[in-house]
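Asks: Sharing a structure, written as structure tokens. Questions coming.
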Amino acid sequence: MTKLVPEADAVVAASRHFSFPPPRTASGGVVESCRKMAAAQIDLGAAVTGSWLDSMKASSPRHRLMAPVVGAADAEHDDWMVRFFRPDEKMEKERHPSALSRFDLLASAAKGKQIAVFLDYDGTLSPIVEDPDRAVMTDEMRDAVRGVAARFPTAIVSGRCRDKVFGFVRLAELYYAGSHGMDIRGPTAHANNHHGSSKVTFPCFFLFPCSYTQKQQGWMFDRCWLIWPQQQEHEGESVLCQPAREFLPMIEEVRGLLEAKVPAIPGAKVEDNKFCLSVHFRCVDEKRWGALAEQVRSVLKDYPKLRLTQGRKVLEIRPVIKWDKGNALDFLLHSLGYADRSDVFPIYIGDDRTDEDAFRVLRGRGQGAGILVSRFPKDTAASFSLRDPAEVKDFLHSLVESTTT
Ligand SMILES: O=P(O)(O)OC[C@H]1O[C@H](O[C@H]2O[C@H](CO)[C@@H](O)[C@H](O)[C@H]2O)[C@H](O)[C@@H](O)[C@@H]1O
């Protein structure tokens with residue numbers, strides 16, 4: 001049976017929005033710009049150089065593991081939400097109000113704008129569990145996501161391998177950004193999609209037949225796939241963006257090395273996320289965390305083109321290119337043709353540190369809302385909060401209801 005994890009460790013969230021298909025660009029299109037953006041942002045100093053063990057402990061604070069009574073944690077959370085709240089002041093003055101109880105704030109900010117929804121997976125759409133292979137999503141959550149996707153461009157933005165997260169979500173009408181945004185693909189089905197914002201402005205190798213769209217009062221292309229031969233995975237699959245393609249052989253090599261070493265630490269597990277790797281230590285005795293960190297370090301020292309980041313009880317190994325969920329959000333906004341529009345309202349929901357990159361993008365754009373999923377107060381660039389996936393589901397339903405005429 002899937003074991004739910006009772007604690008809440010370090011988390012943060014972000015949001016993203018796509019409009020499809022991508023706009024034409026002078027530099028050769030959105031894939032080319034994806035390549036250039038990645039190349040321009042190589043982060044040579046990102047490898048963890050301090051104490052890995054300290055960092056692992058810091059990301060798993062004891063007070064979160066040992067919150068003595070639920071009431072105490074609740075009080076702390078409420079304080080976090082309302083610390084700077086004054087009813088007459090603007091949204092920014094409220095610290096991280098609940099996106100549910102202050103749905104009115106969010107709805108009024110979004111009024112008249114094109115909403116787009118970006119969803120992290122683990123800890124956001126599915127509860128954190130001990131076995132990463134069992135982090136399934138409920139049918140109720142799937143229905144909620146389906147409802148949102150029928151109204152707004154919707155994307156899953158996950159650290160997982162894209163195929164794997166698709167296997168959990170199983171909704172073909174969504175955009176998927178796997179491997180922390182290093183593997184982005186558009187929808188493969190439209191399923192009652194009435195976004196009303198799709199315009200074909202991008203040169204494509206394949207165009208699907210166009211159709212008359214009443215809402216737009218004109219002929220529109222239903223769908224358009226860009227096939228970039230170098231990055232195509234298999235026949236018929238379209239890939240929008242894979243900025244770390246050249247790192248695949250290296251990641252594969254490191255995966256083999258880690259899989260040979262890591263099982264020596266009981267409970268440790270290597271997960272292949274295609275353009276990145278996860279080394280899980282949720283089930284490792286804390287006394288062995290240092291040994292695990294040393295195993296990983298001994299492998300990575302020979303790979304200066306890889307860097308290490310941390311998630312929830314997981315060490316994440318990825319290419320040194322500066323490409324994260326924030327870049328993926330930017331890319332998708334460009335792809336949707338929303339990048340320069342002021343009437344767009346991207347909503348990004350996530351629970352992990354990696355989602356902060358996307359929250360920051362929203363802050364930088366001065367658009368939309370980042371919603372952090374967390375039971376505990378945290379430093380975050382998000383504007384709103386939700387406690388857990390159950391509240392995320394309720395929020396998604398509220399979003400649909402508030403925009404149903
Ligand atoms: O960006 P995300 O979709 O949130 O993915 C981040 C990582 O999520 C998964 O690990 C986390 O969830 C597991 C299942 O609940 C849990 O066992 C683990 O401790 C968490 O770190 C996934 O397995 C990783 O590969 C992702 O990088």
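Derivation of every value follows stated rules applied to the coordinates shown; laboratory data play no part. This one's a predicted model, so the numbers in the text were calculated from it and none came from an experiment.
Asks: In whole percent, what relative contact order does region 277-352 give with Cα contacts below 8 Å and a gap of six or more residues? Mind dumping the intermediate values first?
Replies: On the way: 45 pairs, mean separation 21.3, N = 76.
Across region 277-352, relative contact order equals 28 percent.
Asks: Sticking with this structure for a sec: With 29 Å as the limit, write out which pairs from 57/269; 57/393; 164/261 have Cα-Cα distances beyond it, or answer none.
Replies: 57/393
Asks: Based on alpha-carbon centroids, what's the gap between region 253-326 and region 355-405 in Å, whole number please?
Replies: 29 Å
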